[in-house]
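The values are calculated or read from the model by the stated rules, or taken from the named source; none is laboratory data. Just so you know, these numbers come straight off a predicted model, no measurement behind them. Cβ placement follows ideal geometry from the backbone for every residue including glycine, while neighbour counts extend to all protein chains displayed. Just so you know, the surface numbers come from the protein's heavy atoms only, side chains and all, with ligands and any DNA or RNA stripped out. Shrake-Rupley method; radii C 1.70, N 1.55, O 1.52, S 1.80 Å.
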Amino acid sequence: MRRTTDAGPGTGTDGMPRHSDEALSNNCEEFIRRLYAEHGTPLLRFAARLLGGDWHRAEDVLQEAAIRAWRHASSLSMKTEEARAWLYTVVKNLVMDHHRARQIRPPEDMSWELDVVSVTDGIDGMLMSQVVRDTYAELNGQHREIINLMYFMECSVAEAAAHLGIPAGTVKSRSYYAVRALRKALSDQGVIG
């Protein structure tokens, strides 16, 4: 059952004198500033030690403790000296809550966000063949002819020699230099290394 007391015109339901909202807000802000000044660094170290050296999480815990102190400023009687034990208890409880929450939910695996999904749409092959065609067109006539016979029409050395009317050794030599020229041109364009 809830109990209320008869209060006079300047008092609240708890019998304590009522302050204007602005005065209470200013008092709370000053109270939090003093808490940070007097207890901030030791509380941060305490939280970091409990969290295994995680200073970022310790700062979050300290901020949450300060918010709770601000919410309970009236029950702490606005005395920063008396709030120290209460603050350490709050920090310890927040850290315990953090550990419990991590045990309940599965570990976070962020690796899926970093994976690059490759799509085989044929664009790379099409672009590469276009670059090779353009480079092939820039070769001299002898090189184009020998590459066409040996690699596109898949003629043997003897067949290419018969078609061109030159010795087989010359076909081999021309095909070597033609492929070499094609490779150099592709390398100059940055297509191959």
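Listed values, structure above:
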| item | result |
| --- | --- |
| Area of LEU50 that stays accessible when all protein chains are in place (1.4 Å probe, Å², to 10) | 70 |
| Positive minus negative residues near MET126 (Lys, Arg vs Asp, Glu; Cβ under 14 Å) | -2 |
